[in-house]
Amino acid sequence: MKKARAASIYFTMKRSKLIPSLVVFDAPDGTVGVGDRSSTTVAPQSLHLMNNPHVRAAAYGLAKRTRRRQDLRRRRSDTGVPDRVVPCTDKGRTEGCNCLLEGASADARETAMADLCQVLFCLNEFLYVE
Amino acid sequence: MNGGPSQVDTWDYKPELEKRDGQELKGLDPNTGFFNQQVGPLMKSPFKFAKHGQCGKMVSDLFPHMAKHVDKMAFIHSLWSDSNNHSPALFKMNTGLARMGYPCVGSWVTYGLGSESRSLPAFCVMYDTLGRGIPKGHSLNWSAGFLPTVYQGTAFKPQGEPIDNLTRPKDITEERQRSQLDLLAKLNKHAMEKHPDEPDWLARVESYELAYRMQMAAPDALDLSKETEETKKLYGLDNPKATHFAKQCLIARRLVEKGCPLRANLFRRHGKRSELGRTQQHREESRRLRGGNRSAHRGAPRRPSAEGFAR
């Protein structure tokens, strides 16, 4: 597994009860052979990333991981996400973090960090693997 | 409708078929299609047709109400198919080709004409709400094909909320979400300097703004409680057999009024009638059409009075 460059996950799909988060992101029709899976850009995908409770929970999870870091400076420049996902320019990252954390009280910092982490999930660089 | 009543029983009167009822079809290969060696003689429609309106359109007795409005309706009789199987025939109807992967008519129209609405998807798709399944071929029926991905139809869920995740989570205010989106746009702009000619990236950026506006606009478009009781009754919402179809028709009308230029209502009504033979299954279908399940007729929009329709 460590040497494998790709992994496959198999699970059961019930034709009459499809999984919404897969359907919205172009899950192929399991009843026909599909040569090339479609890739669409529609607003429900954006709504999913913006408002879905699972996405929000994942954002909080990532925020909690970064909260554990003691150094505030490191928290501002490194959210725990690999560099290639976040824009390379330090200016962009710093600006972004400050934008959301500005004015946040200590109590609200976790929520603000979750907001930032959710933004990272929505980045084109996160969605479109180069 | 996917698997719905045949055109020869509804809107496409076939006088020659009536004359040849019971005759063998000359030249037919008995091994054609799914019913090898089982195909019977020609069969006329079991429903009566009559002329209606000033245009004299022949309509079957399945649609006594809609028949009164034929002068206000457009009929396209030039459609044809070269497939007798569900998925390829649906692809043919929606995209023009019996193979998957070609853009559908909705995508072409929005590609060519755009949309008046900035707050709703240009091309919306609704399908069966009674749990009878997605149309055969699924989203390939409303696919953008080789057109930019942004022209894909937006499918509304058949049960529950039509659009998922339309409501902001309780822990995010509108101001905070707006901040998120502004930051996202800024960060994406940085990244797009490396990918200036990537249409999908730009489309993705724009889709977040559409999603943001949809949060405000879509609930209003989908809220049928704002319709008058007269309108609901005219559409057939009060008829339990027609409610599902009537709701979709009414939502479609509301979407058009709000500037959404194209919506496709794809319904699954799995009839088993053989076009070329009298079978037990056909008799059951005939019975269903007559009295048990005339949902399409009841739910299709009848013209309300001018007063009721005025906006």
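A short reminder: the numbers here are calculations on the coordinates, not readings from a lab. Just so it is clear, the structure is predicted and the values come from calculations on it, not from any experiment. Here the Cβ is made from the backbone with ideal geometry for all residues, glycine too, and neighbour counts use every protein chain on show.
If you rank A:ARG68, B:ARG168, B:ARG204 by fewest surrounding Cβ atoms within 10 Å, what's the result? Don't skip to the answer; put the middle values down first.
Numbers: A:ARG68 8, B:ARG168 16, B:ARG204 24.
The order, fewest Cβ neighbours first, is A:ARG68, B:ARG168, B:ARG204.
As I understand it, the dipole of segment B:27-176 uses +1 on the Cβ of Lys and Arg and -1 on the Cβ of Asp and Glu, about the Cα centre. Which of B:MET100, B:SER78, B:SER139 lies farthest toward its positive end?
Sorting the options by dipole projection puts first B:SER78.
What number, in nm² with one decimal, is the all-direction average of the projected area of the convex hull of the alpha-carbon atoms of segment B:65-168?
On the way: hull surface 37.5 nm².
Averaged projected hull area, Cα only: 9.4 nm².
Only counting other Cβ atoms within 10 Å, I'd like A:SER46, B:SER179 sorted with the fewest neighbours first.
On the way: A:SER46 25, B:SER179 19.
Ascending Cβ contact count within 10 Å gives the list B:SER179, A:SER46.
Assign one of three labels to segment B:46-90, namely rounded, prolate or oblate, based on the Cα gyration tensor with a ≥ b ≥ c the square roots of its eigenvalues; rounded applies when a/c is under 1.5, prolate when it is not and a/b is larger than b/c, and oblate otherwise.
Working: a/c = 2.84, a/b = 1.95, b/c = 1.46.
Taking the square roots of the gyration eigenvalues as a ≥ b ≥ c, segment B:46-90 is prolate.
Give the order of A:ASP26, A:ASP115, B:ASP223, B:ASP29 when sorted by the count of other beta carbons within 10 angstrom, beginning with the fewest. Could you put the intermediate results ahead of the total?
On the way: A:ASP26 17, A:ASP115 25, B:ASP223 11, B:ASP29 8.
Listing A:ASP26, A:ASP115, B:ASP223, B:ASP29 from fewest to most nearby Cβ atoms yields B:ASP29, B:ASP223, A:ASP26, A:ASP115.
Per the Kirkwood treatment, what hydrodynamic radius in Å, one decimal, follows for segment B:6-60 from the mean inverse distance over all distinct Cα pairs?
12.8 Å
Cα gyration tensor of segment B:96-149, axes a ≥ b ≥ c as square roots of the eigenvalues: rounded (a/c below 1.5), prolate (a/b > b/c) or oblate? It would help to have the intermediate numbers written out before the result.
Numbers: a/c = 2.86, a/b = 1.23, b/c = 2.32.
Oblate, since a/c reaches 1.5 and b/c is not below a/b.
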